[in-house]
């Protein structure tokens, strides 16, 4: 059986994280070519890496939630520094940072849906 050292596992995780960034860059290039052309690949890549680091600083390390955090940062730049988000992530609850972020995402989806809801007259 193949056994990897801690360093090898860390290298594999780094490669996986870079693949997620590359995937997101490809999606952005396809969905918003004007923004991508304006910002450029190096700056966009650096922004995604920064988002990944900020997710980790909040304790979000699971790959799926880290990717969602980066996507959210593309959709709503600066959300991670808003007082509401920071307060939400730092509230004293027994769940994981990943669960708190999923809950935040659910709340924000609900709020966005309410904005689209026709107003009663």
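Per-structure values
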{"item": "Residue in the stretch 23-39 that is closer than 19 Å to residue 108 by Cα and touching a helix residue (DSSP H, G or I) at 6+ places or on another chain (Cβ under 7 Å) present", "result": "no"}
{"item": "Residue that is exposed (fewer than 10 other Cβ atoms within 10 Å of the Cβ) and modelled with pLDDT under 95, where the choices are 2, 74, 68, 26", "result": "2"}
{"item": "Every residue from the stretch 80-105 that is farther than 25 Å from residue 13 by Cβ, at pLDDT 90 or above and surrounded by 10 or more Cβ atoms within 10 Å (Cβ to Cβ)", "result": "82, 84, 85, 86, 88, 90, 103"}
{"item": "Pick from the stretch 56-80, criterion farther than 18 Å from residue 23 by Cα and in contact (Cβ under 8 Å) with a residue 40 or more places away in the chain, ranking: nearest to the chain's Cα centre (by Cα)", "result": "60"}
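The values are calculated or read from the model by the stated rules, or taken from the named source; none is laboratory data. Source: prediction; values computed, not measured. FYI the Cβ positions are ideal-geometry reconstructions off the backbone, even for glycines, and counts take in every protein chain you see.
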